[in-house]
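Novice: Here it is, the structure in full.
The values are calculated or read from the model by the stated rules, or taken from the named source; none is laboratory data. Treat the numbers as computed from the prediction; the structure is a model and nothing was measured. Positions of Cβ are generated from backbone atoms using ideal geometry, with glycine treated the same way; all protein chains shown enter the neighbour counts. Ligands, DNA and RNA are excluded from the accessible area calculation, which covers all protein heavy atoms including side chains. Shrake-Rupley method; radii C 1.70, N 1.55, O 1.52, S 1.80 Å.
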Amino acid sequence: MSLLHGTPRRMTHTLRALAWLLRYPDAEMREALPAVRDALHDERALTFGRLAELDALIDGLRAQTGLRAEAEYVELFDRGRRTALYLFEHVHGDSRDRGQAMIDLAQTYERAGLLLAPGELPDHLPVVLEFASTQPPAQAREFLRETAHIVRAIFSALLARRSAYASVLAAVLDLAGERAERVELPDEPPLDEAWTEPEAFGGCSTRGQARPDQPQPIHVVRPAAPPRAAVR
């Protein structure tokens, strides 16, 4: 899989298209897929090989019935932590630290003029991509790079499931200037262990920004004893 060495001159529409592809595939989402394909190809922020993979995902979604596409989405992203699209869940689980991290991130969005819709969580990857799309390319790339080790773990889990959605995560890594490569994933812990409170101040944190008019990136840091999948 290819790595983009230089920052694309434009990636706004590509990031928004990737965010759309990770949405719940209801009728509105699937109806817009031809426009999503056009946006990806017109902006040319991704390699031809990556665009071909995304085309295959779009074709697959359009060929499925609505009920099947929706059921497969729920099974893939809502039933299992490895493929969850909520980034802080991968480092905080359901601890109270995640709540504070989400408040900090939502405030970062608000300072940039991006307000969340009711019920929308700031650590949801489509929301993260929407915010990145509002930033200049260099800043967007640096912002995405902060989450690359989490995105890479989700990408690896999707590859293990042989899901075409892996192409979306690979494209995010490309835009972050990171390699879309499979990493070894640890065994999923038993349910009781998954609900255990993590070590204080471990996992993910945010840092203050130097100036109030500058966007604050997500600073996702590895725990003291990182899982094997958390590389970079």
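Novice: If the chain between Gln139 and Ala56 were fully stretched, how many nm would it gain, using 0.36 nm times the residue separation less the Cα-Cα distance?
Specialist: Between Gln139 and Ala56, full extension yields an extra 26.9 nm.
Novice: Which length gain, in nm to one decimal place, applies between Glu28 and Arg81 when the Cα-Cα distance is subtracted from 0.36 nm times their residue separation?
Specialist: That works out to 16.4 nm of additional length.
Novice: On to the next question. Over region 61-180, give the accessible area per residue in Å² for a 1.4 Å probe, as an integer.
Specialist: Dividing the accessible area of region 61-180 by its residue count gives 41 Å².
Novice: So if I average 1/r over every pair of distinct C-alpha atoms in region 108-164 and take the inverse, what Kirkwood radius in Å does that give?
Specialist: One over the average 1/r among Cα pairs gives 12.7 Å for region 108-164.
Novice: Ordered by packing density, taken as the mean number of other Cβ atoms within 10 Å over each peptide's residues, highest first, how do 134-145, 66-77, 160-171, 14-25 rank?
Specialist: By packing density, highest mean first, the sequence is 14-25, 160-171, 134-145, 66-77.
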